[in-house]
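Asker: Pasting a structure below so you can have a look.
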Amino acid sequence: MGIGVAIRFLGFVKSLVFANFLLVQDLGLLAIAMMLIEILGVFFETGFNEKLVQERKEIRTYLDTAWTIHICRGLVMFLILFAAAPIAASLKVPPEKFSLTVNVIRSIGFALFLASLENVGTVYLQKELNFPRIFLLRVPPVLIDLSVSALVVFFFRSIWGYVAGRFSSVLVQVALSYLLCPYRPRFCLNWQKAVQMWRFGKWIFGLSVLNFLISEGDDFFVWGYLGVSALALYRYAFRFSNLPATDLTNTLSQVTFPAYSKIQDDIPRLREAYLKVLRVTAFFAFLASGLIFSLGPDFVRLFLKADMHPMIPAMQIMVFKGLFRSLGATRGPLFLALGKPKIHFYFQVIRFVLLAVLIYPLTSRWGIEGTAVATLLIAVLVSPFGFWLSCRWLNCPPWRMLESSLIPLVSFLVTVSILLFLRSVTARMSPFLFVGYFLLALACYGGTALLLDCLKGFELLSIFKEQLRALVKNK
């Protein structure tokens, strides 16, 4: 969990640097490049890594085939990006930015190919939950990325800073993958092994496609309907509102999937493990959502330039989308560990249909705020079905699931009420006052949660102590 928090924090700092030193239009161009890479990554998703983590038998005979296919995948993705760059740069991109957009897309595509050379043997680190080595593999490249990109952007005010950081990060991560893992892959393509991995991975592929259409479809719609500048504002509104909540859950998911896979046949143990994860996730998700909803507008006005301020309403709406996604995302690793990836797939189909129905009328009426409302409604409408299936498969009474969010919800309401009252009587916000309100919010939320935990027997404090002992033991 600490690994993910460190990575997300560094990514957040990088976003602040870019937002303050690049034009909104350039941020939109960079968003286009990233969206193209994301869509290719989705449509070339194999699901092999998930299969290797989920597999309880020896996986060594699969590794070379998986590595070979990943390299071929990276090469094909680069060639497609190279050819598609001029087409993408011609869509609502200012003529004077055409050449820059093409070159940036192609450069990032080559970095994508280099990343495919990473040692496939690192999957053992995930299976064995070797957190110290996972930390060394994931965090230093992010630090390099932040340092290089921030320096280039600060001195040259150019989106080439992102490219420079990306190349530096990829090269460091590939090198570390071979230094930290003794396995040495070789080119080998065993079609029988590939087919066996694909039988599981096809559902991961389907999920990836649908996840992309749902999570990025709104971005493409905003790009095509409202333009590049609106795209930049919308993506930053999403990033700032969802970074602490959703990304924290994604980090937990990376840890819980292999852990759940080890106990997938022991439903009572699996149920208790899931409930603990849900309690911790709810605690942090409600905390992050309360802070962003209450103090997010002041943060944007204080620390971002004025042309980023129009994103505030959309950001506040998407805070609640992030909250629902955080709680719902805990079910994804559970479904995978239980060998039911197709259920998650069907849920994504429903989300995509709802997005297709809602996004145009709401966006045409309210702009990026309408797009944010559409995505929030989808999260609200679909969540009850995932909740019901989790209760059913874990043989868990619904009230046990619901009580996991009870104390965080009450703490959220108390904290937000206090913050909104204080803001209503504050004439002008300053950085020092902002920090004071932030610390006060942490104290209010933590104090309320601790008091209710003692009264209700929520066992949240004991769960945190257990996790702390585990971290100390791993060190």
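The values are calculated or read from the model by the stated rules, or taken from the named source; none is laboratory data. Please read these numbers as outputs of a predicted model, since none were measured by experiment. Counting neighbours? That spans all protein chains shown, and the Cβs are built from the backbone with ideal geometry, glycine included. Accessible surface is based on the protein model in full, side chains and every heavy atom, while ligands, DNA and RNA are left aside. Shrake-Rupley method; radii C 1.70, N 1.55, O 1.52, S 1.80 Å.
Asker: For residue 392 and residue 435, what is the calculated FRET efficiency with R₀ set at 41 Å and r taken between the beta-carbons, to the nearest 0.05?
Answerer: 0.35
Asker: For segment 158-163, in order, what is each residue's ³J(HN,Hα) by Karplus, 6.51 cos²θ - 1.76 cosθ + 1.60 with θ = phi - 60°, in whole Hz (x at glycine and Pro)?
Answerer: Karplus values, whole Hz, x for Gly and Pro: 10, 6, 5, x, 4, 4.
Asker: Can you figure out the FRET efficiency of residue 409 with residue 136, using R₀ = 35 Å and their beta-carbon distance, to the nearest 0.05? Intermediate results must be reported in sequence, preceding the final value.
Answerer: On the way: r = 38 Å, r/R0 = 1.07.
Plugging the Cβ-Cβ distance into 1/(1 + (r/R0)^6) gives 0.40.
Asker: What nm distance separates the two modelled labels at residue 454 and residue 220, each placed 7 Å from Cα along Cα→Cβ?
Answerer: Here the answer is 5.4 nm between the modelled labels.
Asker: Relative to the present Cα-Cα distance, how much length would full extension add between residue 87 and residue 402 at 0.36 nm per residue of separation?
Answerer: Taking residue 87 through residue 402 to full extension adds about 108.5 nm, to one decimal.
Asker: Can you tell me the FRET efficiency between residue 188 and residue 143 if r is taken as the Cβ-Cβ distance and R0 is 25 Å, rounded to the nearest 0.05?
Answerer: About 0.15, to the nearest 0.05.
Asker: Follow-up question, since we're still on this one. Measuring with a 1.4 Å probe in the full set of protein chains, what accessible area per residue, in whole Å², belongs to segment 298-341?
Answerer: Details: 1400 Å² over 44 residues.
It amounts to 32 Å² per residue over segment 298-341.
Asker: Here's a follow-up. Between residue 353 and residue 158, what length in nm is gained on full extension when 0.36 nm per residue of separation is reduced by their alpha carbon distance?
Answerer: 66.4 nm
Asker: Something else about it: At 1.4 Å probe size, with the rest of the protein present, what percent of the exposed accessible area of segment 71-159 is carbon and sulfur atoms?
Answerer: Accessible surface attributable to carbon and sulfur in segment 71-159 totals 74 percent.
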